[in-house]
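The values are calculated or read from the model by the stated rules, or taken from the named source; none is laboratory data. The structure displayed is predicted, hence computed values, not measured ones. Methodologically, a virtual Cβ is constructed for each residue, glycine included, from the backbone with ideal geometry; neighbour enumeration extends over all protein chains shown.
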Amino acid sequence: MGVPRRSGVGRGVLAIAAGALIGLGLIFFTHREDLRRTDRRIEIAVNGVPIRLARDLQLPTHGFTLQIVFTPPPDPARRPALVVELREERTGKTLEIQDDLIYRDGYATFAVPEALGVREGLIAVRARATFADGTSAEDWRRLRIRGFFGGPPIGARQITHFDFGVDRDGDGRPDFERDLEAMGLGEAGRPELAHDLASRVAERALARVLRAYDASDDPNRTGLPRDPVAVRFQLGASERMADRPYTTRICVGGRDPAQPGSVGHVRFDARNARRSSDECMGKQTAGLFPAELAIYREAALYREVLGPFDPAIGGVPFGRDDAERPAGDAAAPGPRAEELARAIEVVGDVLGTLMAHEAAHTLGLVPPGRPAFGLFGGTVGEEYAHAVGPDGETSPAPSLMDRGRSLSFEALAGAGEAGELRFRPLEYAYLRDRVVLQSDARNPYPDPPEAPLE
Ligand SMILES: [Ca+2]
Ligand SMILES: [Zn+2]
């Protein structure tokens, strides 16, 4: 998630806050002795998730992460001595963590390994920091540890196959190539152009999916340089028989006549109960419908990038001029090669963002309701299984699992104010099997609706 730009109102509030802080500074100045004891706080956090959102989380016996957050951030040269203690409430067994904490800017973090031997039940976590001047700060909280009923939802073997070859109309060509031609990326009489462009857009889109599931900024604060989700995303079908029971196929191409204007929908799969599913034809049409990107024709970015090509808004399809060659022909790029490259990038990124979103639905995001049953997914209507805040409102900063229709073409392209859309840390924690969802008859939230999700 990017950092939203501050609004004018926000700046005003900040100015007032700064004024208040200066006032407080003056008061503290006169009570310097008290200040030493009261101004340093530590707080125990879980999975890099804001404490308010992590309150009712249930955690697995290993794999989750603990953070000790310092306010204010300590001087890296004079780090406090920090002891974190885990005590099983049932047995009184105590585990102490001292040497394995990884320090980052303003916090220390620890990924709980299987070898630590945490067991199901309640554990009390206590953290104590002792600073160089002899003062100390403490925090404690209680965590509920549960096992994954039937195994973790993602595990290690899941595969998602984005099938760009689907031919719903049976004309012998992938529907996706026709979709590209409809937006002017290809000329109807020269199928080799759309064929070439299709593979380039697919590669670009896949790269975008991989960025979503291999976050560069450590959303759950593992302290590791990389923390990719253990799902393999591929453009080809699984060839090994052993992989097929773990492969979900999501079709990309064509449209769903039952839901005109939908750029994509698949079935929401709570806790990824179906490792292998077909989000394509069958009983209900599902997948990604790139032809419907036409709904964004009024968007400024769409007009800028596809305006030169899309005949519906006055463009000339790529390839109408015989001199225009397949995009890969570096030796003879032909006219409009740069415009074409930009169109491939933007369409690929938009499609990739939608693919990341739909794939997440097939993996079980966003579980409706509050923890421990859900992860702040919406519970009714179009908000079902989409990101809402703990107060039931859609989160103010756009994120990858926002209701699709609430996202602009610019946001989908990663060109909006929030930058490239991301999973929220809590959603990432689910994808990394770091939270346990309770599944029993007491679940107060409704079952998935019959119709596929947007
Ligand atoms: Ca699934
Ligand atoms: Zn959705």
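Quick check on the range 149-193: of everything there that is aliphatic (A, V, I, L, M) and farther than 24 Å from F233 by Cα, which residue is surrounded by the fewest Cβ atoms within 10 Å (Cβ to Cβ)? The selected residue is A188. Filter the range 245-270 down to the residues that are modelled with pLDDT of 95 or more and in a helix (DSSP H, G or I), then identify the one that is nearest to ligand 1 (Cβ to nearest atom). Ranking the qualifying residues of the range 245-270, first place goes to Y246. Restricting the first member to the range 38-65 and to residues that are closer than 16 Å to P367 by Cα, and the second to residues that are at pLDDT below 90, the beta-carbon pairs closer than 7 Å and six or more apart or on different chains are L53/P390.
Among strands (runs of 3 or more DSSP E) lying entirely in the range 52-136, which contain 2 or more residues that are of a type in the set (D, E, K, R)? Ranges flagged: 81-88, 121-130.
Scanning the range 343-396 for residues that are closer than 17 Å to S262 by Cα and not in a helix (DSSP H, G or I) turns up Y384, A385, H386. Listed conditions (1) at pLDDT 95 or above; (2) closer than 30 Å to E417 by Cβ; (3) not in a strand (DSSP E or B) are all met by R275, apart from (2). Of everything in the range 269-287 that's hydrophobic (A, V, I, L, M, F, W, C) and within 15 Å of ligand 2 (Cβ to nearest atom), which residue is surrounded by the most Cβ atoms within 10 Å (Cβ to Cβ)? Once the filter is applied, the top-ranked residue is A286. Tell me, yes or no, whether the range 257-266 has at least one residue that is more than 23 Å from M401 (Cα to Cα), surrounded by 13 or more Cβ atoms within 10 Å (Cβ to Cβ) and not polar (S, T, N, Q). No, that holds for no residue. Scanning the range 103-120 for residues that are outside the structural domain of T247 (by TED's automatic domain parsing), more than 28 Å from L363 (Cβ to Cβ) and at pLDDT 95 or above turns up at least one hit.
When S399 is tested against the conditions (1) in contact with a Gly (Cβ under 9 Å, 6 or more places away or on another chain); (2) within 16 Å of ligand 2 (Cβ to nearest atom); (3) more than 19 Å from P153 (Cα to Cα); (4) outside any helix (DSSP H, G or I), the lone failure is (1). Looking across the range 231-244 at every residue that is part of a loop (DSSP other than H, G, I, E, B) and of a type outside the set (A, V, I, L, M), the one that is nearest to D447 (Cα to Cα) is identified as S238. Run R405 past the list (1) part of a loop (DSSP other than H, G, I, E, B); (2) within 12 Å of ligand 2 (Cβ to nearest atom) and report the number of the one that doesn't hold. With (1) part of a loop (DSSP other than H, G, I, E, B); (2) within 12 Å of ligand 2 (Cβ to nearest atom) applied to R405, the lone miss is (1).
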